[in-house]
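Taking it in order: structure first as structure tokens, then the write-up.
The values are calculated or read from the model by the stated rules, or taken from the named source; none is laboratory data. Everything quoted here is computed from the prediction, not taken from an experiment. Ideal geometry is used to build each Cβ from the backbone, glycine not excepted, and the neighbour counts take in all protein chains shown. Note: areas computed on protein heavy atoms with side chains; ligands, DNA, RNA excluded. Shrake-Rupley method; radii C 1.70, N 1.55, O 1.52, S 1.80 Å.
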Amino acid sequence: MHYRSIVDMSATIVRNLHRLPGDIDLVVGIPRSGMLAANLFSLTANIQMTDLDSFVAGKVFSSGITKRSAALGRTMAEMRRILILDDSINGGSAMREARVRAAAAGVARDQLIFAAVYGTYERYEEADLVFEVVPQPRLFQWNVMHHKFLGQSCVDIDGVLCFDPTHEENDDGPTYLNFLAQARPLYVPTRKIAYLVTSRLEKYRPQTAAWLAAQGIEYGELVMLDLPSKEERQRLAAHGRFKAEFYKRSDAVLFIESEHDQAMNIAKLSGKPVLCVESQQMISPDMLWLSGQLMQATTSEGRKAMLKAMARTVLGETGYQALKSKMRKPA
């Protein structure tokens, strides 16, 4: 399971600036996720931006009062080199549509560069450039709660679907009952989740089910911790182990967990990948094993080999080679 966060996207854009012409005047985001990529590119390169609909209509976004300059106040007619950017490309349909719309708007082809930050492959007929190859299966921070993989996933509730209760709210009494009824939504999914796996106590099933129904959250099974009290749960320290045991015997391919320490524990005990929303990190059993090997390495050569292996695991071969190439360049 390949995962990229917004921080990863920003770093990928910076790493690939040298592959683009230095005279780009405007970046155009392909809605909706491409707007995130275009905004990051615009801020990094300090150029103007717009969305595809506005571009076709001949409109450019304002640059704000803190960045006023001649270069950031030009009209569409003054734009000579234009980058049309999407967050990712797979089949190429969105990029094909962007090409058709740009051509229909009368923009000359030699003014345009079409690119995607991430692609399943290195080359596409529809795109002039792919910044980084991230093979399938893949998930992004900005689409994970709208992805078809939710139908094959276990998902935590507190800290994922809703904000965690405060210390005062988490009293296992009347205040907690009020929290269960009034919990503020956090990441609301738009697809059905296979399994909701929570350390909430079984006795709170009716209140939890009522809140989920009120939010329109669809799920296949609600798995709760069958213990009598909060004190017993804390005494047994059952949170991560309980979740890991269910995840391991289930057919789920991913667990989405709120807390980093629990995510590490679930990945270790289940032998399956866990996405931690707190750290925006995909924790895989391979990564945990490599981390253990790194801790045990007794020579600098051994540690260096383990670090290379970890980088390949996290970045993928293409990302790893791109990083090596950048590090070789003289300052």
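Taking all protein chains into account, the per residue accessible area for segment 1-92 stands at 48 Å² (1.4 Å probe).
Sorting the segments 123-130, 40-47, 211-218 by their mean number of nearby beta carbons within 10 angstrom, highest to lowest, gives 40-47, 123-130, 211-218. With θ taken as phi - 60° and the Karplus curve 6.51 cos²θ - 1.76 cosθ + 1.60 applied, the whole-hertz 3J(HN,Hα) list for segment 94-106 is 5, 5, 4, 4, 4, 4, 5, 5, 5, 5, 5, 7, x Hz, x standing for glycine and proline. Distances over 17 Å make up what percent of all Cα-Cα pairs in segment 1-128? When every Cα pair of segment 1-128 is considered, 54 percent fall beyond 17 Å.
Take each peptide in 237-248, 106-117, 252-263, count the other Cβ atoms within 10 Å of every residue, and average; sorted highest first, the result is 252-263, 237-248, 106-117.
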